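Have a look at the structure below, then the notes.
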Amino acid sequence: MSDGVELLDRVNAHIKAMFDDRPVIVCGGPLAGLVRVVPQLRDLTSPRPLLLASGIGTGPLPGKDDAVVHVMPSETGDMMTSIRSMLARLADLPAEALAAIEAYDPQRRAVVLPGAFFTGTEIAGRPVIEGRRPEWEALEDKTTVDALWDSLGIARSPSQVVPPRTADLDRAARVLDTGAGTVWSGDATEGFNGGAEYVRWVRSPDRAEEAAAFFAAHCREVRVVPFCEGLPCSIHGFAFPDGVAALRPVEMVVLRRFDDRFVYGGISTHWDPPDLDREAMRDVARRTAMHLRDTVGYRGGFSVDGVLTSDGFLPTELNTRFSGGLGAISRGLPDFPLVFVQAALVSGHDPGIGAAEFERVLVDAADEHRYGTGASMVAAVAPTETETHPVVLDGDTVRFSAGAEAGGCAVVNNSGGGDSGAG
(Lines give C-alpha, C1' and ligand atoms only; values in the text may rest on other atoms or scores of the structure.)
Protein backbone atom coordinates (compact mmCIF):
# COMPACT_ATOMS: atom_id res chain seq x y z
CA MET A 1 0.00 0.00 0.00
CA SER A 2 1.14 3.54 -0.71
CA ASP A 3 0.74 4.63 2.92
CA GLY A 4 2.98 1.70 3.97
CA VAL A 5 5.64 2.81 1.50
CA GLU A 6 5.36 6.38 2.79
CA LEU A 7 5.77 5.18 6.40
CA LEU A 8 8.81 3.06 5.57
CA ASP A 9 10.42 5.90 3.62
CA ARG A 10 9.77 8.33 6.48
CA VAL A 11 11.19 6.05 9.19
CA ASN A 12 14.22 5.12 7.07
CA ALA A 13 14.93 8.80 6.45
CA HIS A 14 15.02 9.48 10.19
CA ILE A 15 17.19 6.44 10.89
CA LYS A 16 19.55 7.50 8.11
CA ALA A 17 19.83 10.93 9.72
CA MET A 18 20.68 9.24 13.04
CA PHE A 19 23.62 7.41 11.46
CA ASP A 20 24.65 10.58 9.55
CA ASP A 21 26.66 8.47 7.10
CA ARG A 22 29.09 7.45 9.85
CA PRO A 23 30.77 4.07 10.07
CA VAL A 24 28.83 1.57 12.23
CA ILE A 25 30.30 -1.13 14.48
CA VAL A 26 27.88 -3.97 15.20
CA CYS A 27 28.58 -6.37 18.08
CA GLY A 28 26.82 -8.37 20.76
CA GLY A 29 26.58 -11.83 19.20
CA PRO A 30 28.02 -14.42 16.81
CA LEU A 31 28.75 -13.44 13.23
CA ALA A 32 25.82 -15.37 11.75
CA GLY A 33 23.50 -13.37 14.00
CA LEU A 34 25.03 -9.95 13.36
CA VAL A 35 24.83 -10.35 9.59
CA ARG A 36 21.04 -10.05 9.72
CA VAL A 37 21.17 -6.26 10.09
CA VAL A 38 23.68 -5.74 7.29
CA PRO A 39 21.23 -5.37 4.34
CA GLN A 40 19.26 -2.62 6.08
CA LEU A 41 22.45 -0.93 7.30
CA ARG A 42 23.83 -0.80 3.77
CA ASP A 43 20.70 1.13 2.73
CA LEU A 44 21.02 3.55 5.64
CA THR A 45 24.72 4.45 5.74
CA SER A 46 27.44 4.32 3.09
CA PRO A 47 30.43 2.70 4.82
CA ARG A 48 30.46 -1.07 5.19
CA PRO A 49 29.79 -1.92 8.86
CA LEU A 50 32.37 -3.60 11.05
CA LEU A 51 30.93 -6.79 12.53
CA LEU A 52 32.77 -7.36 15.83
CA ALA A 53 31.52 -10.87 16.48
CA SER A 54 31.69 -13.29 19.39
CA GLY A 55 32.27 -16.54 17.52
CA ILE A 56 31.21 -17.50 14.02
CA GLY A 57 27.75 -19.02 14.31
CA THR A 58 26.01 -21.33 11.88
CA GLY A 59 24.23 -19.90 8.89
CA PRO A 60 24.83 -17.39 6.08
CA LEU A 61 27.89 -15.19 6.59
CA PRO A 62 28.63 -11.78 5.07
CA GLY A 63 30.59 -11.37 1.88
CA LYS A 64 33.65 -9.13 1.68
CA ASP A 65 31.63 -6.46 -0.11
CA ASP A 66 28.97 -6.43 2.63
CA ALA A 67 30.95 -5.91 5.84
CA VAL A 68 34.33 -5.81 7.52
CA VAL A 69 34.63 -8.72 9.96
CA HIS A 70 36.59 -9.37 13.13
CA VAL A 71 35.77 -12.47 15.16
CA MET A 72 36.66 -12.68 18.84
CA PRO A 73 36.83 -16.04 20.65
CA SER A 74 33.65 -16.95 22.53
CA GLU A 75 33.15 -18.94 25.71
CA THR A 76 31.01 -22.04 25.50
CA GLY A 77 28.41 -22.84 28.13
CA ASP A 78 24.80 -22.08 28.89
CA MET A 79 23.03 -18.98 27.62
CA MET A 80 23.90 -16.70 30.54
CA THR A 81 27.55 -17.79 30.55
CA SER A 82 27.78 -16.89 26.87
CA ILE A 83 26.10 -13.52 27.35
CA ARG A 84 28.22 -12.57 30.35
CA SER A 85 31.40 -13.63 28.58
CA MET A 86 30.44 -11.48 25.60
CA LEU A 87 29.64 -8.45 27.78
CA ALA A 88 32.91 -8.78 29.69
CA ARG A 89 34.81 -8.89 26.42
CA LEU A 90 33.07 -5.76 25.11
CA ALA A 91 33.90 -3.93 28.34
CA ASP A 92 37.59 -4.91 28.06
CA LEU A 93 38.35 -5.57 24.41
CA PRO A 94 41.29 -7.78 23.41
CA ALA A 95 44.17 -5.99 21.71
CA GLU A 96 43.33 -7.61 18.37
CA ALA A 97 39.77 -6.27 18.53
CA LEU A 98 40.97 -2.77 19.40
CA ALA A 99 43.37 -2.87 16.47
CA ALA A 100 40.58 -3.95 14.14
CA ILE A 101 38.43 -1.05 15.29
CA GLU A 102 41.23 1.49 14.80
CA ALA A 103 41.97 0.13 11.32
CA TYR A 104 38.29 0.34 10.40
CA ASP A 105 37.66 3.77 11.92
CA PRO A 106 40.92 5.75 12.04
CA GLN A 107 39.04 9.07 12.15
CA ARG A 108 37.03 7.88 15.21
CA ARG A 109 33.68 8.79 13.67
CA ALA A 110 31.96 5.43 14.16
CA VAL A 111 28.94 4.65 16.32
CA VAL A 112 28.29 1.28 17.96
CA LEU A 113 25.27 -1.02 17.98
CA PRO A 114 26.19 -3.35 20.90
CA GLY A 115 22.99 -5.41 21.21
CA ALA A 116 20.25 -5.39 23.82
CA PHE A 117 22.31 -6.30 26.90
CA PHE A 118 25.14 -3.74 26.94
CA THR A 119 24.83 -1.00 29.58
CA GLY A 120 27.88 1.15 28.80
CA THR A 121 27.91 4.42 26.88
CA GLU A 122 30.91 3.75 24.64
CA ILE A 123 33.10 0.99 23.22
CA ALA A 124 36.70 1.78 22.28
CA GLY A 125 35.91 5.48 22.61
CA ARG A 126 33.01 5.29 20.13
CA PRO A 127 29.51 6.23 21.32
CA VAL A 128 26.87 3.56 21.76
CA ILE A 129 23.43 4.16 20.22
CA GLU A 130 21.74 1.04 21.52
CA GLY A 131 21.81 -0.97 24.75
CA ARG A 132 20.28 0.22 28.00
CA ARG A 133 20.94 2.12 31.19
CA PRO A 134 22.01 0.25 34.36
CA GLU A 135 18.85 1.40 36.16
CA TRP A 136 16.76 -0.19 33.40
CA GLU A 137 18.63 -3.49 33.68
CA ALA A 138 18.08 -3.50 37.47
CA LEU A 139 14.32 -3.73 36.89
CA GLU A 140 14.75 -7.30 35.60
CA ASP A 141 15.47 -8.62 39.11
CA LYS A 142 12.76 -11.21 39.74
CA THR A 143 12.89 -10.72 43.51
CA THR A 144 11.95 -7.03 43.35
CA VAL A 145 9.53 -6.81 40.42
CA ASP A 146 6.45 -7.73 42.48
CA ALA A 147 6.65 -4.29 44.10
CA LEU A 148 6.19 -2.79 40.63
CA TRP A 149 3.05 -4.83 39.93
CA ASP A 150 1.65 -3.86 43.34
CA SER A 151 2.32 -0.16 42.76
CA LEU A 152 0.42 -0.36 39.45
CA GLY A 153 -2.47 -2.41 40.85
CA ILE A 154 -1.66 -5.35 38.57
CA ALA A 155 -2.77 -8.74 39.89
CA ARG A 156 0.03 -11.26 40.51
CA SER A 157 0.69 -14.52 42.30
CA PRO A 158 1.37 -14.38 46.06
CA SER A 159 5.08 -14.56 46.79
CA GLN A 160 7.75 -14.50 49.46
CA VAL A 161 11.36 -13.39 49.06
CA VAL A 162 13.74 -15.26 51.38
CA PRO A 163 17.47 -16.03 51.73
CA PRO A 164 18.67 -19.13 49.86
CA ARG A 165 18.70 -21.30 52.95
CA THR A 166 16.89 -24.63 52.93
CA ALA A 167 14.85 -23.89 56.06
CA ASP A 168 13.68 -20.47 54.79
CA LEU A 169 12.85 -21.80 51.33
CA ASP A 170 10.95 -24.80 52.73
CA ARG A 171 8.98 -22.57 55.08
CA ALA A 172 7.92 -20.26 52.24
CA ALA A 173 7.07 -23.22 50.01
CA ARG A 174 4.79 -24.78 52.64
CA VAL A 175 2.86 -21.52 52.92
CA LEU A 176 2.51 -20.93 49.16
CA ASP A 177 2.13 -24.43 47.70
CA THR A 178 -1.43 -24.96 46.43
CA GLY A 179 -0.84 -28.57 45.46
CA ALA A 180 1.37 -28.38 42.35
CA GLY A 181 4.63 -27.32 43.99
CA THR A 182 6.32 -23.93 44.00
CA VAL A 183 8.55 -22.01 41.60
CA TRP A 184 11.79 -20.51 42.92
CA SER A 185 13.52 -17.64 41.06
CA GLY A 186 16.94 -16.24 41.88
CA ASP A 187 17.88 -12.57 42.18
CA ALA A 188 20.35 -10.59 40.08
CA THR A 189 23.38 -11.01 42.33
CA GLU A 190 25.38 -12.22 39.32
CA GLY A 191 23.61 -9.84 36.94
CA PHE A 192 20.30 -10.13 35.14
CA ASN A 193 19.32 -13.66 34.12
CA GLY A 194 16.90 -15.19 31.65
CA GLY A 195 15.96 -18.30 29.73
CA ALA A 196 14.68 -19.91 32.96
CA GLU A 197 18.28 -20.67 33.97
CA TYR A 198 17.80 -19.28 37.49
CA VAL A 199 14.31 -20.76 37.91
CA ARG A 200 13.39 -24.07 39.54
CA TRP A 201 10.04 -25.87 39.89
CA VAL A 202 10.20 -27.56 43.28
CA ARG A 203 7.89 -30.49 44.01
CA SER A 204 9.90 -32.84 46.23
CA PRO A 205 12.45 -32.73 49.09
CA ASP A 206 15.21 -33.94 46.75
CA ARG A 207 14.54 -31.14 44.28
CA ALA A 208 14.35 -28.64 47.12
CA GLU A 209 17.83 -29.66 48.31
CA GLU A 210 19.25 -29.34 44.79
CA ALA A 211 17.58 -25.97 44.20
CA ALA A 212 18.66 -24.56 47.57
CA ALA A 213 22.27 -25.54 46.86
CA PHE A 214 22.16 -23.88 43.44
CA PHE A 215 20.70 -20.62 44.73
CA ALA A 216 23.08 -20.50 47.71
CA ALA A 217 25.97 -20.59 45.24
CA HIS A 218 24.60 -17.88 42.94
CA CYS A 219 22.12 -15.59 44.75
CA ARG A 220 21.47 -13.65 47.92
CA GLU A 221 17.66 -13.87 47.72
CA VAL A 222 15.06 -16.10 46.10
CA ARG A 223 11.42 -15.44 45.23
CA VAL A 224 9.01 -18.29 45.95
CA VAL A 225 5.57 -18.42 44.26
CA PRO A 226 2.98 -21.17 43.81
CA PHE A 227 3.18 -23.07 40.53
CA CYS A 228 0.42 -21.70 38.27
CA GLU A 229 -1.08 -24.02 35.69
CA GLY A 230 -1.68 -22.14 32.46
CA LEU A 231 -0.12 -20.96 29.22
CA PRO A 232 3.24 -19.14 29.39
CA CYS A 233 3.07 -15.94 27.37
CA SER A 234 4.27 -12.38 27.17
CA ILE A 235 3.04 -8.95 26.23
CA HIS A 236 5.27 -6.24 24.76
CA GLY A 237 5.16 -2.50 25.03
CA PHE A 238 7.12 0.49 23.75
CA ALA A 239 7.76 3.81 25.45
CA PHE A 240 7.94 6.81 23.10
CA PRO A 241 8.42 10.48 23.96
CA ASP A 242 4.83 11.15 22.83
CA GLY A 243 3.13 8.16 24.48
CA VAL A 244 3.21 4.41 24.79
CA ALA A 245 2.35 1.50 22.52
CA ALA A 246 0.96 -1.90 23.51
CA LEU A 247 1.48 -4.77 21.08
CA ARG A 248 -0.20 -8.20 20.82
CA PRO A 249 0.30 -11.27 23.07
CA VAL A 250 3.03 -13.77 22.21
CA GLU A 251 2.99 -17.41 23.28
CA MET A 252 6.19 -18.67 24.92
CA VAL A 253 7.01 -22.33 24.37
CA VAL A 254 8.14 -23.40 27.86
CA LEU A 255 8.77 -27.11 28.34
CA ARG A 256 8.93 -29.04 31.61
CA ARG A 257 12.04 -31.16 31.98
CA PHE A 258 12.27 -34.55 33.72
CA ASP A 259 14.16 -32.88 36.61
CA ASP A 260 11.41 -30.27 37.15
CA ARG A 261 13.35 -27.49 35.44
CA PHE A 262 11.87 -25.36 32.69
CA VAL A 263 13.22 -25.13 29.15
CA TYR A 264 12.53 -22.05 27.07
CA GLY A 265 11.77 -23.51 23.65
CA GLY A 266 10.52 -20.74 21.36
CA ILE A 267 7.87 -18.14 20.60
CA SER A 268 4.72 -17.86 18.50
CA THR A 269 2.15 -15.33 17.37
CA HIS A 270 -0.19 -18.06 16.05
CA TRP A 271 -1.88 -18.22 19.45
CA ASP A 272 -4.83 -15.95 20.26
CA PRO A 273 -6.07 -15.63 23.85
CA PRO A 274 -9.71 -14.74 24.52
CA ASP A 275 -10.42 -11.11 23.64
CA LEU A 276 -10.87 -10.04 27.26
CA ASP A 277 -7.53 -11.56 28.23
CA ARG A 278 -5.83 -10.01 25.21
CA GLU A 279 -7.01 -6.53 26.18
CA ALA A 280 -6.14 -7.10 29.85
CA MET A 281 -2.60 -8.07 28.84
CA ARG A 282 -2.28 -5.02 26.60
CA ASP A 283 -3.45 -2.87 29.51
CA VAL A 284 -0.63 -4.34 31.62
CA ALA A 285 1.82 -3.29 28.89
CA ARG A 286 0.42 0.25 28.70
CA ARG A 287 0.49 0.79 32.46
CA THR A 288 3.98 -0.62 32.72
CA ALA A 289 5.24 1.52 29.83
CA MET A 290 3.84 4.71 31.35
CA HIS A 291 5.37 3.88 34.73
CA LEU A 292 8.80 3.13 33.24
CA ARG A 293 8.73 6.25 31.11
CA ASP A 294 7.73 8.52 33.98
CA THR A 295 9.98 7.04 36.71
CA VAL A 296 13.23 6.04 35.01
CA GLY A 297 12.97 7.80 31.66
CA TYR A 298 12.58 4.51 29.84
CA ARG A 299 12.53 4.47 26.06
CA GLY A 300 12.03 1.61 23.62
CA GLY A 301 10.63 -1.88 23.89
CA PHE A 302 10.20 -4.30 26.78
CA SER A 303 8.27 -7.44 27.62
CA VAL A 304 6.18 -8.57 30.57
CA ASP A 305 6.35 -12.35 30.82
CA GLY A 306 3.78 -14.37 32.73
CA VAL A 307 1.18 -17.11 32.67
CA LEU A 308 -2.39 -16.90 31.38
CA THR A 309 -4.36 -18.83 33.99
CA SER A 310 -8.03 -19.45 34.66
CA ASP A 311 -7.80 -16.31 36.84
CA GLY A 312 -6.34 -14.21 34.05
CA PHE A 313 -2.81 -13.09 33.17
CA LEU A 314 -0.36 -13.20 36.08
CA PRO A 315 3.00 -11.50 35.37
CA THR A 316 6.21 -13.16 36.51
CA GLU A 317 8.98 -10.90 35.21
CA LEU A 318 9.89 -7.74 33.34
CA ASN A 319 12.50 -7.70 30.56
CA THR A 320 13.64 -4.12 29.99
CA ARG A 321 15.20 -4.62 26.56
CA PHE A 322 14.51 -5.66 22.99
CA SER A 323 13.37 -9.22 23.73
CA GLY A 324 12.85 -12.18 21.44
CA GLY A 325 9.09 -11.77 21.13
CA LEU A 326 9.57 -8.45 19.35
CA GLY A 327 11.41 -10.30 16.62
CA ALA A 328 8.38 -12.57 16.17
CA ILE A 329 5.98 -9.63 16.08
CA SER A 330 8.11 -7.77 13.52
CA ARG A 331 7.93 -10.71 11.07
CA GLY A 332 4.70 -9.18 9.84
CA LEU A 333 6.73 -6.18 8.60
CA PRO A 334 10.00 -7.68 7.34
CA ASP A 335 11.24 -4.40 5.82
CA PHE A 336 10.45 -2.28 8.88
CA PRO A 337 13.72 -1.38 10.71
CA LEU A 338 12.44 -2.22 14.20
CA VAL A 339 15.93 -2.79 15.64
CA PHE A 340 16.97 0.68 14.50
CA VAL A 341 13.77 2.27 15.79
CA GLN A 342 14.73 0.77 19.16
CA ALA A 343 18.23 2.22 18.83
CA ALA A 344 16.81 5.65 17.98
CA LEU A 345 14.47 5.69 20.97
CA VAL A 346 17.12 4.48 23.42
CA SER A 347 19.63 7.09 22.21
CA GLY A 348 17.19 9.99 22.10
CA HIS A 349 16.77 10.31 18.32
CA ASP A 350 13.49 10.82 16.49
CA PRO A 351 12.56 7.51 14.78
CA GLY A 352 10.06 9.20 12.47
CA ILE A 353 7.03 7.48 13.99
CA GLY A 354 4.95 8.12 17.10
CA ALA A 355 3.46 5.73 19.63
CA ALA A 356 -0.09 5.57 18.25
CA GLU A 357 0.94 4.94 14.64
CA PHE A 358 3.60 2.44 15.74
CA GLU A 359 1.05 0.47 17.78
CA ARG A 360 -1.51 0.36 14.98
CA VAL A 361 0.95 -0.68 12.28
CA LEU A 362 2.72 -3.42 14.27
CA VAL A 363 -0.41 -4.91 15.86
CA ASP A 364 -2.27 -5.06 12.55
CA ALA A 365 0.70 -6.64 10.77
CA ALA A 366 1.37 -9.19 13.52
CA ASP A 367 -2.29 -10.21 13.62
CA GLU A 368 -2.36 -10.68 9.85
CA HIS A 369 1.01 -12.41 9.44
CA ARG A 370 1.64 -15.09 12.06
CA TYR A 371 5.02 -16.54 12.99
CA GLY A 372 6.29 -19.27 15.29
CA THR A 373 9.51 -21.07 16.05
CA GLY A 374 10.64 -23.66 18.56
CA ALA A 375 14.11 -24.68 19.63
CA SER A 376 15.97 -26.52 22.35
CA MET A 377 19.65 -26.85 23.21
CA VAL A 378 20.98 -30.42 23.50
CA ALA A 379 24.44 -31.92 23.93
CA ALA A 380 23.78 -35.18 22.07
CA VAL A 381 24.88 -33.86 18.68
CA ALA A 382 27.41 -31.24 17.57
CA PRO A 383 27.00 -30.47 13.85
CA THR A 384 29.42 -28.16 12.11
CA GLU A 385 26.89 -27.08 9.51
CA THR A 386 23.16 -26.42 9.50
CA GLU A 387 21.09 -29.57 8.87
CA THR A 388 17.45 -29.31 7.75
CA HIS A 389 15.08 -32.31 7.95
CA PRO A 390 11.42 -32.38 6.80
CA VAL A 391 9.21 -33.55 9.69
CA VAL A 392 5.53 -34.13 10.43
CA LEU A 393 3.52 -34.16 13.64
CA ASP A 394 2.27 -37.72 14.24
CA GLY A 395 0.05 -37.84 17.31
CA ASP A 396 2.13 -36.70 20.26
CA THR A 397 5.45 -37.16 18.48
CA VAL A 398 7.40 -35.57 15.65
CA ARG A 399 8.97 -37.85 13.06
CA PHE A 400 10.88 -37.46 9.81
CA SER A 401 8.49 -37.16 6.88
CA ALA A 402 8.22 -39.86 4.27
CA GLY A 403 8.11 -38.67 0.69
CA ALA A 404 5.83 -35.72 0.02
CA GLU A 405 4.04 -35.59 3.39
CA ALA A 406 3.14 -32.04 4.34
CA GLY A 407 4.68 -30.76 7.55
CA GLY A 408 7.45 -28.53 8.77
CA CYS A 409 11.23 -28.59 9.08
CA ALA A 410 13.56 -29.46 11.93
CA VAL A 411 16.79 -27.45 11.77
CA VAL A 412 19.87 -28.57 13.69
CA ASN A 413 22.86 -26.32 14.17
CA ASN A 414 25.37 -25.29 16.82
CA SER A 415 24.37 -22.95 19.62
CA GLY A 416 25.45 -19.33 19.86
CA GLY A 417 27.69 -20.09 22.82
CA GLY A 418 30.63 -21.50 20.88
CA ASP A 419 32.77 -20.54 17.94
CA SER A 420 30.31 -22.24 15.64
CA GLY A 421 27.25 -21.10 17.49
CA ALA A 422 24.01 -20.23 15.82
CA GLY A 423 23.27 -16.66 14.97
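The values are calculated or read from the model by the stated rules, or taken from the named source; none is laboratory data. Computed from a prediction, not measured in an experiment: that's the story for all the values here. A quick note on method: Cβ atoms are made from the backbone with ideal geometry, for glycine too, and the neighbour counts reach across all protein chains shown. For accessibility, only protein heavy atoms count, side chains too; no ligands or nucleic acids. Shrake-Rupley method; radii C 1.70, N 1.55, O 1.52, S 1.80 Å.
Restricting attention to the stretch 29-66, the residues being within 19 Å of the chain's Cα centre (by Cα) and surrounded by fewer than 23 Cβ atoms within 10 Å (Cβ to Cβ) number 3. A single member of ARG256, ARG207, ARG248, ARG223 is under 27 Å from VAL341 (Cβ atoms), touching a residue at least 40 places away in the same chain (Cβ under 8 Å), in contact with a strand residue (DSSP E or B) (Cβ under 9 Å, 6 or more places away or on another chain) and basic (Lys, Arg), and it is ARG248.
Of GLU221, GLU197, which residue is touching a helix residue (DSSP H, G or I) at 6+ places or on another chain (Cβ under 9 Å), more than 30 Å from GLU122 (Cα to Cα) and among the charged types (D, E, K, R)? It is GLU221. Here is the figure for the stretch 312-335: residues that are over 19 Å from PHE118 (Cβ atoms) and touching a Gly at 6+ places or on another chain (Cβ under 6 Å) total 4.
For the stretch 125-138, the set of residues classified as over 16 Å from ASP20 (Cβ atoms), in contact (Cβ under 8 Å) with a residue 40 or more places away in the chain and more than 14 Å from the chain's Cα centre (by Cα) consists of ARG133, GLU135, TRP136, ALA138, listed by residue number. Scanning the stretch 125-143 for residues that are touching a strand residue (DSSP E or B) at 6+ places or on another chain (Cβ under 8 Å) and at pLDDT 95 or above returns ARG126, PRO127, VAL128, LEU139, GLU140, LYS142, THR143. Checked against the criterion of being at pLDDT 95 or above and open to solvent by 50 Å² or more (accessible area, probe 1.4 Å), the candidates ALA245, ALA216 yield just one match: ALA216. Only residues that are part of a loop (DSSP other than H, G, I, E, B) and more than 27 Å from ALA116 (Cα to Cα) were counted in the stretch 268-292, giving 3. Among the residues of the stretch 148-167, is there at least one that is under 20 Å from ILE83 (Cβ atoms) and not polar (S, T, N, Q)? No, the stretch 148-167 has no match at all. Of all the listed residues (THR295, THR316), the sole one being open to solvent by 20 Å² or more (accessible area, probe 1.4 Å), part of a helix (DSSP H, G or I) and not basic (Lys, Arg) is THR295. Keeping to the stretch 290-334, report how many residues are of a type in the set (S, T, N, Q), without any contact (Cβ under 8 Å) to a residue 40 or more places away in the chain and in contact with a helix residue (DSSP H, G or I) (Cβ under 8 Å, 6 or more places away or on another chain). Final tally of qualifying residues: 1.
Scanning the stretch 127-152 for residues that are among the basic types (Lys, Arg) and surrounded by fewer than 20 Cβ atoms within 10 Å (Cβ to Cβ) returns a single hit, ARG133. On inspection, GLY237 does not qualify as within 27 Å of the chain's Cα centre (by Cα), within 30 Å of SER330 (Cα to Cα) and either among the β-branched types (Val, Ile, Thr) or open to solvent by 20 Å² or more (accessible area, probe 1.4 Å) (or both).
Restricting the search to the stretch 141-154, which residues are within 21 Å of PHE238 (Cβ to Cβ) and either of a type in the set (A, V, I, L, M, F, W, C) or in contact with a Gly (Cβ under 8 Å, 6 or more places away or on another chain) (or both)? The answer is VAL145, LEU148, TRP149, LEU152, ILE154. Within the option set VAL263, VAL225, VAL307, being open to solvent by 10 Å² or more (accessible area, probe 1.4 Å), in contact with a Gly (Cβ under 7 Å, 6 or more places away or on another chain), part of a strand (DSSP E or B) and closer than 30 Å to GLU190 by Cβ holds for one residue only, VAL307.
When the stretch 98-124 is filtered for residues that are small (Gly, Ala, Ser) and surrounded by fewer than 17 Cβ atoms within 10 Å (Cβ to Cβ), the ones remaining, listed by number, are ALA99, ALA103, GLY120. When ALA173, ALA180, ALA155 are checked against the criterion of being more than 10 Å from VAL222 (Cβ to Cβ) and either out of contact with any Asp or Glu (no Cβ under 8 Å at 6 or more places or on another chain) or surrounded by 16 or more Cβ atoms within 10 Å (Cβ to Cβ) (or both), ALA173 stands alone in meeting it. In the stretch 195-213, which residues are farther than 17 Å from ARG257 by Cβ and open to solvent by less than 50 Å² (accessible area, probe 1.4 Å)? Within the stretch 195-213, ALA212 is the sole residue that qualifies.
Taking the criterion of being within 30 Å of the chain's Cα centre (by Cα) and over 19 Å from LEU139 (Cβ atoms), the residues of the stretch 178-198 that qualify are ALA180, GLY181, THR182, VAL183, TRP184.
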